[in-house]
1. Helix 352-367 versus the longest principal axis of the chain: what angle, 0 to 90°, nearest 10, using Cα atoms?
2. Send over a whole-number figure in Å² for the accessible area per residue of the chain, probe 1.4 Å.
3. Among Thr176, Ile328, Leu397, which residue has its Cα furthest toward the positive end of the charge dipole of the chain, with +1 on Lys/Arg Cβ and -1 on Asp/Glu Cβ?
4. Rank by packing, highest mean first: peptides 195-204, 315-324, with packing defined as the count of other Cβ atoms within 10 Å averaged across residues.
5. Taking only Cα atoms, what is the 0 to 90° angle, nearest 10, from helix 174-185's long axis to the longest principal axis of the chain?
6. Does anyone have the angle between helix 210-219 and the longest principal axis of the chain? Alpha-carbon axes, 0 to 90°, nearest 10?
7. Using the Cα centre of the chain as the reference point, and only Cβ charges (+1 on K/R, -1 on D/E), how large is the resulting charge dipole? Debye, rounded to the nearest 20.
8. Out of (1) 0.97; (2) 1.08; (3) 0.99, which label holds the value of Rg/Rh (Cα atoms, Kirkwood Rh) that was computed here?
Amino acid sequence: MKTYLVGGAVRDALLGLPVKDHDWVVVGGTPQALMEAGYLPVGKDFPVFLHPHTKEEHALARTERKTAPGYHGFAVHAAPDVTLEEDLARRDITINSIALDLDKTSARGQFDQKLLNSPDLWASSGALIDPFGGVADLAKKVFRHVTPAFREDPVRILRVARLSARFADFTVAPETLKLMQQMVSQGEADHLVAERVWQELAKGLMEARPSRMFEVLRDCGALPRLLPEVNALWGVPQRAEYHPEIDTGVHLMMVLDMSARLNASLSVRVACLFHDLGKGTTPAHLLPRHLGHEERSARLAKVVCERLRVPTDCRELADAVAREHGNIHRSGTLNPAATVRLLERCDAFRKPQRFEDILLACECDARGRLGLFESAYPQRGRLLAALVAAQSVATNLIAEKALASGTSGKLIGELIHRARVHAVQDQLTWDIPLVH
């Protein structure tokens, strides 16, 4: 029984990147042998075990055979006679099909962290096992499928797209892109389950260049199948005086990359992704104007979120940003009463942190435009100042006095609203430029 370090840990170490997770494959082992050694079984679809001390996952070497369309249509064979090369052959791309033989290194025990600090010594020691040319593809910065069996798992389309967002200077090998296109045309992408689509999209959105994920999905034809609402934005014009990039799809990619640049949370990045969906349904005779696109965007975002089973926090933020981003951009022209109404619609008094996220998404939208990447977004600071001013109102005292005088609940709310308006009026200035 022999253990090898495989996959992303080897890849990232060779690239000089921090290694976060360690994946291990066990060759020549059996479930019984691993359990007798203290490993804890956790795998359902194939044999995976947790190391008794490190708790890292160890999978028995296995092969896979396609039995039905989609992600779950596989028969797994794990046995002591499965070789390391056979296990590596079932993996998606060559840069993930590199293994490290610990017995040919200076590692002591199950894992020695110093080992990852010396990847330049792996090849000379014979510790590096690379039957499919992954090291060469790392040097070329290319994503290339290992074998034609790549076509058997549609999730691999999403993985390549997601890795493109992480390694933005890598390209997809022409033969791999062609294979992905064939998979889409043959309907493999249609069998992807919502949970897996969301999982990969969420990971890709959190990478350094999320736009690359969508570029690859468009190039292989998967985006119209997975997110037709997003795909519809390319080729839709906007007013050049507000959007020098003109194309709505191009603008969306700039917004997503701005969200990464500003280290936005996942919910903010999802809101950025869905904020302009309504522009894809603007009647042609209205273009390049998009009157009422905010409400249409909110409706479409709801449809997409339900289809992909997006978490509630992401759904709620996406809805608020879709509905209110235009008003927030124009907030410099709002009087104090309209400003307070905007705060109320955004539920800013109950959820001030979420309101900050709404404003961050709007800043990404405003700065995700050609030539405006370094522009200021004073609306954010102004509205946060308005919220602080409105929060200074002693609502409890107002309510107590009103109740003591017999005032009804509806009127109490109006009294609080008026007090907040007065507080905001004393705080704000009105010199914020328009953004559309």
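The values are calculated or read from the model by the stated rules, or taken from the named source; none is laboratory data. Source: prediction; values computed, not measured. Cβ sites come from the backbone with ideal geometry, for glycine too, and all protein chains shown count toward neighbours. Ligands, DNA and RNA are stripped out before the accessible areas are found, and what is left, the full protein with its side chains, is counted by its heavy atoms. Shrake-Rupley method; radii C 1.70, N 1.55, O 1.52, S 1.80 Å.
1. 80 degrees
2. 45 Å²
3. Result: Leu397.
4. Going by the mean number of other Cβ atoms within 10 Å, highest first, we get 315-324, 195-204.
5. Relative to the chain, helix 174-185 is tipped by roughly 70 degrees.
6. 70 degrees
7. So the magnitude is around 1000 debye.
8. (2)
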